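As structure tokens, the structure follows; a few thoughts come after it.
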Amino acid sequence: MAKPKSSFVCQNCGAVSQRWQGKCESCGEWNSILEEDISGGIGAKVARNMRKGRVFALEGLQGTHVEAPRMVSGISELDRVTGGGFVPGSVILLGGEPGIGKSTLLIQACASLASLGNRVVYISGEEAVAQVRMRADRLGLNKAPVELASETSVEDILATISTGAMPGLVVIDSIQTMFTDTVESAPGTVTQVRGSAQALIRFAKLSGASVILVGHVTKDGQIAGPRVVEHMVDAVLSFEGDGSHHFRILRGVKNRFGPTDEIGVFEMTGAGLAEVSNPSALFLSSRDSSASGTAVFAGMEGTRPVLVEFQALVAPSSLGTPRRAVVGWDSNRLAMVVAVLEAHAGVRLAQHDVYLNVAGGLKISEPAADLAVAAALVSSLTGAHLPRDTVYFGELGLSGSIRPVVHSGLRVKEAAKLGFNQAQGPVKASEASEISPLQVHHIAHISALVANIAQQSTSDKARKG
């Protein structure tokens, strides 16, 4: 009898090694390597008598283009992120932290689609049917014709949903709880997640049903399991938010049928997740424009312009190494902005603690926020109050120059719609008149911004004196 073959697989990143070790060399995670059998499973056995391949026809780039049909959920923010609705035969991977509202969003989407006459199946591997019913009853959706089940066997799930009319949407909550008989390993392991996902994706492509896979996330916010699953699916959505804030962000990380990095904004209420059609007004609703150290950033999230407030606090430090604390932005980028202000604008921050926060809990990764961050830092250091009707955007170069950013017109138009009268950024004066009636001040170097804020600080002191 042949000895069963096994390998050691990291449950965090999927790296394979020939022996067990306490720390994964690929991702650095401790105690994440488990022994798994590789003698069986999908694609593990190599056929001895391979059949001869068949010849298939090749086509050119020219041809008729048919727009992929969509199944609109009725939740506009969700449809916005998916690119206009669910595409039949597509597979979506939805990730998010525990308790963020993934199941709430999906049960609302299922109820909306089922009410439109589509067959919707919700499979929960973590909760009993009674628990799902309690959530639907709390949301007022218990009358929606959604079919429920609590099951973890992929073969049983596919056999059940294949009977009768083909479902339009199938929700699997979550993929880490599923197991397939073709893989000899425990549920939640890399091999099982990959095998179960492959079987569900094959079903979606052959049947034309849309499948949503819910995925757990690691402590770093990444979707747990092998990264190959993210390449196998058609779209990857990330549900973000802070438990201390009442709104949630649905972000499209990957989408083969729509734009990537698109966001949808929801507000968590007692009746479930409510859509936020104007997120900029929500983020600026409790803004204190009379305080120093605050600057409004005109940003872009996908194709949507969003205005958010950056808050900075610069305080003298008694430590040998001053603190640099950041919430909602890249800490390395903050260090770069501080260094440029020191080197090219004469702003001394080496003996000060710097705290930076994006109001509302939104995470910003756009380089165009450099100018708003610099303005907030200088305002907090000098005590100057920035004009309350001004927005900032622009990328800061290491030489101190303000570099152009994309979609300047959309940023300025969004600011004008919310009542702002001025904008400071790398927009030429000739372009400003074509974009918006806003007064746009072109800033070529960071020293010009610092000089303007210093002049404002002098005016504030003279007014108080």
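Every number here is computed from the coordinates shown, using simple stated rules; none is lab data. Here the structure is a predicted model, which means the values were calculated and not measured. Cβ coordinates were reconstructed from backbone atoms using ideal geometry, including for glycine residues, and neighbour counts include every protein chain displayed.
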> Can you pull the Kirkwood radius for segment 169-235, inverse mean 1/r over Cα pairs, to one decimal in Å?
Replying inline: 12.1 Å
> If the convex hull of the alpha-carbon atoms of segment 282-464 is projected onto planes in all directions, what is the mean projected area in square nanometres?
Replying inline: 10.2 nm²
> Taking neighbour counts of Cβ atoms within 10 Å as a proxy for exposure, in what order, fewest first, do 33, 172, 100 appear?
Replying inline: 100, 33, 172
>> For residue 174, what residues show an amide H to amide H distance below 5 Å, using hydrogens built from the backbone and excluding near sequence neighbours?
In response: 125, 126
> How compact and how long is the chain, expressed as Rg and Dmax of its alpha-carbon atoms in Å?
Replying inline: 26.4, 94
> For residue 410 and residue 291, what does the FRET efficiency come to when R0 = 22 Å and r is the distance between their Cβ atoms, rounded to the nearest 0.05?
Replying inline: 0.20
> Give me the Kirkwood hydrodynamic radius of segment 257-302 in Å, from all C-alpha pairs, to one decimal place?
Replying inline: 13.1 Å
> Can you list the HN-Hα couplings for segment 348-362, worked out from phi with the Karplus curve (6.51, -1.76, 1.60; θ = phi - 60°), rounded to whole Hz and with x for Gly and Pro?
Replying inline: 8, 10, 5, 9, 10, 6, 10, 10, 10, 9, 8, 4, x, x, 6
>> Filter 102/143; 254/363; 23/254; 52/205; 363/417; 363/413 down to the pairs with a C-alpha to C-alpha distance above 28 Å, please.
In response: 23/254
> Quick one: if you stick a label point 7 Å off each Cα along the C-beta vector at residue 135 and residue 321, how many nm between them?
Replying inline: 4.3 nm
> Excluding residue 199 itself, what net charge comes from residues whose Cβ is under 12 Å from its Cβ, given Lys and Arg +1 and Asp and Glu -1?
Replying inline: 0
> residue 33: net charge of surrounding residues, Cβ under 13 Å, Lys/Arg +1, Asp/Glu -1, itself excluded?
Replying inline: -2
> residue 23 to residue 447: extension gain in nm, 0.36 nm per residue of separation minus the Cα-Cα distance?
Replying inline: 147.9 nm
> Which shape class, rounded, prolate or oblate, goes with segment 76-277 when its Cα gyration tensor gives a ≥ b ≥ c as root eigenvalues, a/c under 1.5 marks rounded, and past that a/b bigger than b/c marks prolate?
Replying inline: rounded
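How much net charge surrounds residue 125 when only the other residues with a Cβ under 11 Å from the Cβ of residue 125 are counted, with Lys and Arg +1 and Asp and Glu -1? Kindly include the intermediate steps, with their values, before the conclusion.
Details: positive: none; negative: 126, 127, 151, 173.
After counting each charged neighbour, the total is -4.
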>> For the chain, give me every cysteine whose Cβ has no other Cys Cβ within less than 4.7 Å, ordered by residue number.
In response: 110
> Per-residue ellipticity at 222 nm for the chain, helices alone: DSSP H runs ≥ 4 residues times -39500 (n - 2.57), over residue total, nearest 500 deg cm²/dmol?
Replying inline: -8500 deg cm²/dmol
>> Rounded, prolate or oblate, given the Cα gyration tensor of segment 253-382, with a/c below 1.5 counting as rounded?
In response: prolate
> What angle, in degrees between 0 and 90 and rounded to the nearest 10, separates the Cα long axis of helix 446-464 from the longest principal axis of the Cα atoms of the chain?
Replying inline: 60 degrees
> Taking R0 as 30 Å, what's the FRET efficiency between residue 128 and residue 66 from their Cβ-Cβ distance, rounded to 0.05?
Replying inline: 0.10
